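The structure appears below as structure tokens.
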Amino acid sequence: MRRSRRRPSGDAGNTTAGPEFERRIQADATLDDLDLELAAAFLRPAPVGNRPVPDALQHYGLIRRADDAWQITNAALLLFCRTGQRDRYPRAGLRIRRVAGTQTVVGRSQNVTLVGHADPPLAVAIGEGLRIVGGQIRRSEALRDIFFRDMPEYPDFAWREVIVNAVAHRDYGIQGHGTEVTFFDDRLVVTSPGGPLAPATVEALNGGTPERATRNPMLAHVLADVGIMQGGGTGFKRVVREMSDSSLPSPDIVHQHGMLHVTLRNEPQYAMAGPGWKNVVRSLPVSPDQKRILLARPDGFTHEDYRRLNAVVEGDAKQGVHDLVRKGITTCAFTDEDELPVYYLTPELDDTRYFLEDRVPKLREFFRRDPKLRPANYRKIFEAAPLQASRELRQLVELGFLQEQGRGRGKGYLPLAGLRR
């Protein structure tokens, strides 16, 4: 019969621990405390995956031979402990929450929901945690409007790597807090105990040039070898690049009160145009790259803006911009002799854009309550004189937002796709 275990009073109970925590031996642990079948399955993709499990574990330093017995490290137990051993590291897994809004509210109006949690061992918790988080990633309407296809609100590689990094590099000696993934309406925050390990700094991480350093090199080695995380310190640089390629801000990193907070934001870096202008852009006889810049930078852009947004070479960017001028969609203006030229919508298109930005949201709101718009309704909503209302309604029909129905007193307007999207 297996003897009952209690959490050791030394290692796992510490309030904090240095980088040697994962290497420490748990004196009361034996090989029987590890799920060797789980270890074999988890390590199968690694270069040592075809070796006997004890040999593979020894290769990573997870267990050590001493006389006729195996010494078991914290890292081995974190990764592969049997179910009965979870209380050694009670907060070693992940907890996933969702906040309704952009700020946490406590008390009666509390707006936090526990979505799920993934308990140790880490070989199970990582996959389960990523599965739960993946089910919470929504599709981004703003990014779809830029890229003309369904896009997740956070790039797949970015959120996965940030979570796996939190698991790999957190301080497991801190037992008062665990790793948490919190969804807000506008951001995803991954929080884990411990801060960057020298020579890595928060400043370098926020600058996108992190030094290679890890608190748990054995865990990181294993996770890299089985393909769960990027090795060689390249993962975070790729996170920054993936966010940029999706027109999203770089991750924001804060170390506060012993906790590291990594934030991914889902709002595009660009000031997106409203729904009315989006519908006009969709109908323009231009390329997807050209539509993208007209949506992302309707207030003006440079060749460099076009190049970065569309990830094209400088020559292609200049050609795409000049083609917009040739087609009478944009005009060029020099703000200063020493500055790059800035390209703006032609006055006619700009007037159309501002007109639609004001009218379309209010008309959408009207059609949520009433299936048919009458001229009198339009005059009341926009405080417009009869001639002005008639002219604007005609323009909305020509632009494909309204469909005229009936005549005389029965005359009205039905919404088309531009008002239903």
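Which members of the range 217-264 meet the condition of being hydrophobic (A, V, I, L, M, F, W, C), in contact with a helix residue (DSSP H, G or I) (Cβ under 6 Å, 6 or more places away or on another chain) and over 30 Å from residue 296 (Cβ atoms)?
Residues satisfying the conditions are 218, 219, 220, 223, 228, 229.
Across the range 235-269, what is the total count of residues that are within 17 Å of residue 189 (Cβ to Cβ), more than 12 Å from the chain's Cα centre (by Cα) and not in a strand (DSSP E or B)?
3
Using beta carbons and a limit of 8 Å, which pairs, at least six apart or on different chains, have the first residue in the range 103-116 and open to solvent by less than 80 Å² (accessible area, probe 1.4 Å) and the second one aromatic (Phe, Trp, Tyr)?
Pairs that qualify, where the first residue is open to solvent by less than 80 Å² (accessible area, probe 1.4 Å) and the partner is aromatic (Phe, Trp, Tyr), are 115/183.
Considering only the range 309-328, how many residues are surrounded by fewer than 16 Cβ atoms within 10 Å (Cβ to Cβ) and under 27 Å from the mean Cα position of the chain (by Cα)? Let's see the steps before the verdict.
Initial filter on the range 309-328 (surrounded by fewer than 16 Cβ atoms within 10 Å (Cβ to Cβ)): 311-316, 318-319, 322-323, 325-328.
The next check asks that each one be under 27 Å from the mean Cα position of the chain (by Cα); those that pass are 311-313.
So the count comes out to 3.
Tally time: how many residues in the range 308-328 are at pLDDT below 90 and either assigned to a helix (DSSP H, G or I) or not aliphatic (A, V, I, L, M) (or both)?
Within the range 308-328, residues that are at pLDDT below 90 and either assigned to a helix (DSSP H, G or I) or not aliphatic (A, V, I, L, M) (or both) number 3.
Is at least one residue of the range 117-135 under 30 Å from residue 289 (Cα atoms), at pLDDT 95 or above, out of contact with any Ser or Thr (no Cβ under 8 Å at 6 or more places or on another chain) and not hydrophobic (A, V, I, L, M, F, W, C)?
Looking through the range 117-135, at least one residue is under 30 Å from residue 289 (Cα atoms), at pLDDT 95 or above, out of contact with any Ser or Thr (no Cβ under 8 Å at 6 or more places or on another chain) and not hydrophobic (A, V, I, L, M, F, W, C).
Report every pair of residues separated by at least 6 positions or lying on different chains whose Cβ atoms are under 6 Å apart, first residue within the range 181-201 and open to solvent by 20 Å² or more (accessible area, probe 1.4 Å), second among the basic types (Lys, Arg).
187/265; 197/215
All but one of (1) basic (Lys, Arg); (2) over 28 Å from residue 234 (Cα atoms); (3) touching a strand residue (DSSP E or B) at 6+ places or on another chain (Cβ under 8 Å) hold for residue 95; which doesn't?
(2)
Inspect the range 329-346 for any residue being among the hydrophobic types (A, V, I, L, M, F, W, C), open to solvent by 60 Å² or more (accessible area, probe 1.4 Å) and part of a helix (DSSP H, G or I) and give the result as yes or no.
No.
Take the conditions in contact (Cβ under 8 Å) with a residue 40 or more places away in the chain, part of a loop (DSSP other than H, G, I, E, B), open to solvent by less than 60 Å² (accessible area, probe 1.4 Å) and of a type in the set (A, V, I, L, M, F, W, C) and apply them to residue 75. Does it pass?
The answer is no for residue 75.
Mind checking which pairs have a first residue in the range 160-175 that is touching a residue at least 12 places away in the same chain (Cβ under 8 Å) and small (Gly, Ala, Ser) and a second that is part of a helix (DSSP H, G or I) and open to solvent by 10 Å² or more (accessible area, probe 1.4 Å), Cβ under 6 Å, 6 or more apart or different chains?
168/220
Filter the range 281-307 down to the residues that are open to solvent by less than 80 Å² (accessible area, probe 1.4 Å), of a type in the set (D, E, K, R) and in a loop (DSSP other than H, G, I, E, B) and list them by number.
Within the range 281-307, just 297 meets the criteria.
Which of the following residues is under 28 Å from residue 265 (Cβ atoms) and in contact with a Ser or Thr (Cβ under 8 Å, 6 or more places away or on another chain): 93, 101?
Going through 93, 101 in turn, just one is under 28 Å from residue 265 (Cβ atoms) and in contact with a Ser or Thr (Cβ under 8 Å, 6 or more places away or on another chain): 93.
So which pairs qualify, if the first residue must be in the range 401-419 and closer than 13 Å to residue 377 by Cα, the second must be part of a helix (DSSP H, G or I) and open to solvent by less than 40 Å² (accessible area, probe 1.4 Å), the Cβ gap must be under 7 Å, and the two must be at least 6 apart or on different chains?
411/375; 413/393
Output yes when any residue across the range 134-153 is among the hydroxyl-bearing types (Ser, Thr, Tyr) and open to solvent by 30 Å² or more (accessible area, probe 1.4 Å), and no when none is.
Among the residues of the range 134-153, not one is among the hydroxyl-bearing types (Ser, Thr, Tyr) and open to solvent by 30 Å² or more (accessible area, probe 1.4 Å), which makes the answer no.
May I ask you to verify whether residue 341 is in contact with a Cys (Cβ under 6 Å, 6 or more places away or on another chain) and not aromatic (Phe, Trp, Tyr)?
It is true that residue 341 is in contact with a Cys (Cβ under 6 Å, 6 or more places away or on another chain) and not aromatic (Phe, Trp, Tyr).
The values are calculated or read from the model by the stated rules, or taken from the named source; none is laboratory data. Just so you know, these numbers come straight off a predicted model, no measurement behind them. Neighbour counts are summed over all protein chains in view; Cβ atoms, including those assigned to glycine, are modelled from backbone coordinates with ideal geometry. For the accessible areas, the whole protein counts, side chains as well, though only heavy atoms, and no ligand, DNA or RNA atoms are used. Shrake-Rupley method; radii C 1.70, N 1.55, O 1.52, S 1.80 Å.
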